[in-house]
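The values are calculated or read from the model by the stated rules, or taken from the named source; none is laboratory data. This is a predicted model, so every value here is computed, not measured. Here Cβ is always computed from backbone atoms with ideal geometry, including for glycine, and neighbour counts include all displayed protein chains.
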């Protein structure tokens, strides 16, 4: 890298996906979800992120498809804008500036040029539903000033507002009140459920805990509900008897949405996951972000084998997260217990984990503490089996210590022939575990046994750390650091600074291996020289995270101040830090880790050299994963425009030929007709029956017989002049089309898009459709009888 | 990325299935299997990413595939002014995969959308597509076919840009030069084309059979002093069907040289080739060749002019199943493809069957000439649909795992004797051992058995059984004795048992205590009895701590949870036993157990007694000489010999002492055992 920009903090993934309901595209191919300041477009088939729509300057709070053009998407944000996107290409089409914080967005097909948003007026807890008229203008940025209040005093959550009966009224609930606003009459009716009046209602009971979301299927025949039980319940015909379940979805269901085509549902879960579910209640795909449900106890680690970031994942699981592809690789089920999702249960937590010996060993500590005295502790040691390419439990240790384990570390020296693990605990002891031969006459085996138990004046052991060559073990007992010889486990020396309990402890590396660093709770960072056994230097720094770089002498420390977190990169041997960056995050940084680079960079300037061999990732309190990048924003952005946009060109299929030919014929006929009779007729592609036929997935379509007649009738409608003999031919032809239709699913869907691209006439079609369909149905009866006669 | 060709009945078709790693980070591995399915695997998690079946998969099977070069895509938006920490992260996105089919069409498949992106047909090939190569900038695609033509496609418009005749027979392989201005094509001979004019720039001899792979190995000329025109001086590599030699050619300025510069020899036809480009003169080219026999050959060579002899591989990698037991022999697992990771130090290996391959990252160690990896892929055959969706991997937890609970040796560090002490003891033992001859010992034993025969008390069979059981370590015999519930019997047995069996008995009890809790209940009675009766003897032992360390830890850990309760219990027991002892002092008479050794400084006792003692406990013997404390004890024992009634009192005293210690909070062995009993 020749050109060097200043180092910037960049967010590198794991953003929240479950803030709002996800929205399906009209063809169910894509799913949209808000994620911080962005809208992410995922493919429902591959779980891959197709586009990230960026442009908002604050949290995106709502997304809806444009009802007039289903290839467009509206989004609203706290920055006071509504943006219109073309999601297929990821392009921002228009920005409407509203100038007040928007909390939710609704669109209704009938309200052609306006959308509805929730805004917050004056008081913090008073929300209003207003309709925003979107002015028609060719410019990119338009001010939308025409706001009219629809409902006052409503709930902030978009789940509490619903538009009904094709936009005739809107209902909103808050507390015990239900308000319904009728657009035509412009009246509001209010009901209070708190009083004892008798209302007509049906009660569906299955959930024992809070119900988080409800959704009706497209046809309205079934109702979906989900809640903390993490079970999706489908109530068929809205009766209590007919219900179907999809259990074990992993975490609390927060949102449910249904695709407009009706073939897919999706549930957003509290563990930052979107599950895409087929109509037959079968999960088909999972879009998983960095799991955010719980706090991170294990810290950030790097699996030496897969180079993946490892941290707490689902409850009882370790999560392997690929930093390169910003995707979760898998969850490793450490606990192997069914997770019971219930409020108030004290769960077993995965507290500590460590990799040792180049990823060959994994140590995990589980803990459950219901009361002060009732501590359940379990340590598991997993061996990576190369044969089966997976972890195998080698040793399980119950209650390795009498109290919580505070630190866990492997001796990762290259020369050490015997794997060694040290656990430090609040009970005042540290234990050294070694791998020993456990073979007997029946089997060859290895197992871990305790080799040494050390303590220092009954102080609580707070941290432990091996030196790089594995010859020394440093264990901190509250304020005191003790050094132990790893051969004989003799206490070599102690350091005491009397500056509060030691929070972090680490040895210097490479040329700085003679230094030992300790950071205390009282904000002192001390560096001891191991050769002279004296304090080399100390600094006043409230260190929250201290991580040594495995590939260099550098040590990164993140300090916490009232304004934010600052990063210091330093070598223990040098008094001046190599690099300081103030204000890397406003929140507290909880964990950090150096990730070795596959291919070293070659920054020449001194300030960036620390980034040459490794990259520093850190996790803040709100659990966003951040890192440093030197690339300029421009450099990163331009490629979008450079992007190779190969046109989608799929060849014509037999179905297309038939339909196309037919269409041509019709066009010709139409032309003739229009010449002769001057009758305006819709084009074939605008006939609702056809579009309906093409829109709906094959499995929800009624039988071909039914469709066929409708289809034919729709074509027949305008041609009163046609003779009766011609009709049977057409029927045959259409039937052929139908059969081909099912064969050529793939190409067929491609076709739809083309036909639907014309958005101009769409409204007219919709209005036409009802009356037409009625007519068609009438016609169908006649048709049937006619067939019966034959 | 190179792609192997598809296999068919044609003898000259290249072996192996078309497959390729995605460029840059090798995140995906695409494999078009013979059943017409295209499967894309995630290399990091070894998970099936997606599966696609082209509509014409039966007629037009996939013959070759190639990933489009990575396109940069901004992942997140630019830095916001409000919050500093928000900003961009980009990634290289690879999502287009070009598939050539046997009927001449080329499909572009988008892995992000999971659907067909476009189909290149019009004006293209009318026969089997043999090879596809993307141009570096991604805008162009080159394909060659059995119809003798090479076609340049415009990917944006999906139209043919140019089509020209590449050879007199079918064109089987293509490669674009590193600078993007030249194209190598091969049927049997190799041609280098200038892309701008579509003219032949150089000819090379080629192979006797159709060339299956072509690849540039260097991107810089070896001689850097000369001006570089983008192509002259570069090396490239070619492999052919049924040819066990890979040839290396050099593009030279003069047009004379047509033969290969050097060659690499492998064991079978190359199926998949990957290499790391050498960027400078010193850096060797690393080459991984997967052969049809399922082996991978690794070469590391600095390309530098001619070399007559074909080079053999630096390292060969094979994979085999573990041979379970002696019956089944290990079977080789074929390697399907191998690709270098971006750090050039490790290799991604794809092995197993093509419908369920395993992808593994292996660190390279070129010093070893032969690597045989043992892998168990038997459980890979079952399709894992469930894990594909939930992304949960369950590590194996079987009963073979070692379980450590508090009290089991290994849970806590073993108590080791202080090193100095043991040395002394050992030296003493040696000297002591020499004193008594075997004959004497035998004689002593005779006397012993004779004596036991005299005693015809009923319970006496128990001590005998116990002693025999402990000596022979007979499980059945020990069971018979130890599983008794009769407290009185236990007490009597313990009283009568010879002293030298105390330690073995305690060890046996410890072992049983660690076992099932039900049996441990019985053992506790025994333990209680042994410790109360033989406390004096035990306290004389010098190496008591290491010998009974395990028992001590066991008790300590079990007692820990009920510390206060057990304190109380211990005190109560003490009281009760003292009361009962004072009430009926003369109820149980201790059997006439003779002291094994009596040592008096002034006058010694009968000779015969000493002899018996020798045989039994050398430890005692040593101890006596050493510690004055033990002498007293032995004296006490001596007294007991004569006055059996004194025994009980002695025991009571012992207990007294022990409980006092316990009250002081001293963690001694004996108090713990008392309080432990329930």
Among residues of the stretch B:153-177 being out of contact with any strand residue (DSSP E or B) (no Cβ under 8 Å at 6 or more places or on another chain) and over 16 Å from residue B:133 (Cα atoms), the residue nearest to the other protein chains (Cβ to nearest Cβ) is B:157
Residue B:213 meets each of (1) within 24 Å of residue B:304 (Cα to Cα); (2) touching a residue at least 40 places away in the same chain (Cβ under 8 Å); (3) outside any strand (DSSP E or B) with one exception, condition (3)
Practice item. Check whether at least one residue in the stretch A:450-465 is within 41 Å of the chain's Cα centre (by Cα) and under 30 Å from residue B:400 (Cβ atoms), and report yes or no. Key: yes
Here the residues within the stretch A:30-42 that are at the interface with chain B (Cβ under 9 Å from one of its Cβ atoms) and at pLDDT 90 or above are A:30
Within the stretch B:169-194, residues in a strand (DSSP E or B) and free of Cβ contacts under 8 Å to residues at least 60 places away in the same chain come out as B:174, B:176, B:182, B:183, B:184, B:185, B:186, B:190, B:191, B:192, B:193, B:194
Within the stretch B:360-375, of all residues that are in contact (Cβ under 8 Å) with a residue 12 or more places away in the chain and not in a strand (DSSP E or B), the one farthest from the other protein chains (Cβ to nearest Cβ) is B:369
Within the stretch A:47-64, residues touching a strand residue (DSSP E or B) at 6+ places or on another chain (Cβ under 6 Å) and either in a strand (DSSP E or B) or without any contact (Cβ under 8 Å) to a residue 12 or more places away in the chain (or both) come out as A:49, A:50, A:51, A:52, A:53, A:54, A:60, A:61, A:62, A:63, A:64
Against the condition under 30 Å from residue B:407 (Cα atoms) and at pLDDT 80 or above, how does residue B:518 come out, does it pass?
no
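Residue-by-condition table, conditions (1) crowded, with 22+ Cβ neighbours inside 10 Å; (2) touching a residue at least 24 places away in the same chain (Cβ under 8 Å); (3) in contact with a strand residue (DSSP E or B) (Cβ under 9 Å, 6 or more places away or on another chain):
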position: A:390; (1), (2), (3): no, no, yes
position: A:396; (1), (2), (3): no, no, yes
position: A:403; (1), (2), (3): no, yes, yes
position: A:412; (1), (2), (3): no, yes, yes
position: A:417; (1), (2), (3): no, no, no
Of the residues in the stretch B:38-74, those that are part of a loop (DSSP other than H, G, I, E, B), more than 10 Å from chain A (Cβ to nearest Cβ) and free of Cβ contacts under 8 Å to residues at least 24 places away in the same chain number 2
Of those in the stretch B:115-134 that are in a strand (DSSP E or B) and away from chain A (no Cβ under 11 Å), the residue farthest from the chain's Cα centre (by Cα) is B:129
Every listed condition ((1) under 13 Å from residue B:311 (Cα atoms); (2) surrounded by fewer than 22 Cβ atoms within 10 Å (Cβ to Cβ)) holds for residue B:283 save (1)
The condition of being surrounded by fewer than 21 Cβ atoms within 10 Å (Cβ to Cβ) and within 10 Å of another protein chain (Cβ to nearest Cβ) holds, among A:342, A:326, only for A:326
Condition set part of a loop (DSSP other than H, G, I, E, B) and within 39 Å of the chain's Cα centre (by Cα), scope the stretch A:493-544, selection surrounded by the fewest Cβ atoms within 10 Å (Cβ to Cβ): answer is A:522
Going through (1) at pLDDT below 85; (2) out of contact with any strand residue (DSSP E or B) (no Cβ under 8 Å at 6 or more places or on another chain) one by one, residue B:147 fails only at (1)
Scanning the stretch A:257-271 residue by residue, those assigned to a loop (DSSP other than H, G, I, E, B), crowded, with 22+ Cβ neighbours inside 10 Å and at pLDDT 85 or above turn out to be A:259
Just one listed residue, out of A:6, A:15, A:75, is closer than 22 Å to residue B:113 by Cβ, assigned to a loop (DSSP other than H, G, I, E, B) and within 14 Å of chain B (Cβ to nearest Cβ), and it is A:15
Any residue that is within 14 Å of chain B (Cβ to nearest Cβ), touching a strand residue (DSSP E or B) at 6+ places or on another chain (Cβ under 8 Å) and under 30 Å from residue A:319 (Cα atoms) - is there at least one of those in the stretch A:200-210? no
Residues of the stretch A:282-319 being within 15 Å of the chain's Cα centre (by Cα) and in a strand (DSSP E or B), in sequence order, are A:285, A:286, A:287, A:288, A:319
Among strands (runs of 3 or more DSSP E) entirely within the stretch A:365-443, at least 3 residues that are facing another protein chain (nearest Cβ under 10 Å) occur in A:375-385, A:390-398, A:429-437
- Query: Before we move on, is residue A:352 crowded, with 19+ Cβ neighbours inside 10 Å, at pLDDT 85 or above, touching a strand residue (DSSP E or B) at 6+ places or on another chain (Cβ under 6 Å) and within 14 Å of chain B (Cβ to nearest Cβ)?
  - Reply: no
Return yes when residue B:137 is away from every other protein chain (no Cβ under 12 Å) and surrounded by fewer than 23 Cβ atoms within 10 Å (Cβ to Cβ) and no when it is not. no
